[in-house]
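Below is one structure, written out as structure tokens; the observations come after it.
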Amino acid sequence: MDTIFLHDLKVETVIGIWDWERKIRQTVLIDIDMAADIRKAAASDSVEDTLNYKAVAKRVQQFVEESAFQLVETLAERIAAIVTDEFDVPWVRVRVAKPGAIRGAKDVGILIERGSRSDG
């Protein structure tokens, strides 16, 4: 199974548990790795035969911009569900980072994997 990836997607959203965080928008960085069999697309050279990562990016950006979760865990889980359910992806790895959330650390976040990879 091949992997189509989308890394460092920057989105402004309401995220966090503290009162001050509920009143502002913060940047989250999102990485999405998606299982896909790209052989048909490689042979046809047609976007219709592959997972359209631009469509995934636009859908995730819209969702995250409109969301207001307390936990990055919840945000990551919902992103994974969108990718697997709406784009028929059998396996996804989602990383959501919240830069500057912990003093002294570049970022903090969550990395989850959902579904299963198949080398079919």
Taking the square root of 5 times each eigenvalue of the Cα gyration tensor, what semi-axes in Å does the equivalent ellipsoid of the chain have, largest first? 30, 14, 12
Which residue fluctuates most in the GNM of the chain (Cα springs below 10 Å): E12, E48, E86? E48
Calculate one ³J(HN,Hα) per residue across the stretch 105-118 by plugging θ = phi - 60° into the Karplus curve 6.51 cos²θ - 1.76 cosθ + 1.60, and present them in order as whole Hz with x for glycine and proline. 10, 4, 7, 9, x, 9, 10, 10, 10, 9, x, 9, 8, 9
For A42, the net charge from surrounding residues (Cβ-Cβ under 11 Å; K, R +1; D, E -1) works out to -2
Furthest towards positive pole of dipole, T3, S116, S67, structure part the chain, Cβ charges: S67
K58 and S118 label points (each 7 Å along its Cα→Cβ direction) are spaced in nm at 2.9
³J(HN,Hα), Karplus 6.51/-1.76/1.60, whole Hz, each residue of the stretch 52-65, x for Gly, Pro: 7, 5, 5, 5, 4, 4, 5, 5, 5, 4, 4, 4, 5, 4
Starting from the Cα-Cα distance between I17 and D107, subtract it from 0.36 nm times their residue separation and give me the gain in nm to one decimal. 30.8 nm
I'd like the orientation of helix 72-86 relative to the chain: the angle between its Cα long axis and the longest Cα principal axis, in ° from 0 to 90, rounded to 10. 20
So for the chain, averaging the separation of alpha carbon pairs under 8 Å that are six or more residues apart and normalising by length, what relative contact order in percent results? 28
For the stretch 69-120, which chymotrypsin sites (Phe, Trp or Tyr not before Pro) are in a loop by DSSP, counting at most 11 other Cβ atoms within 10 Å? none
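FYI, it's all coordinate maths here, none of it is from the lab. For clarity, every value in this text was computed on a predicted model and none was experimentally measured. Cβ coordinates were reconstructed from backbone atoms using ideal geometry, including for glycine residues, and neighbour counts include every protein chain displayed.
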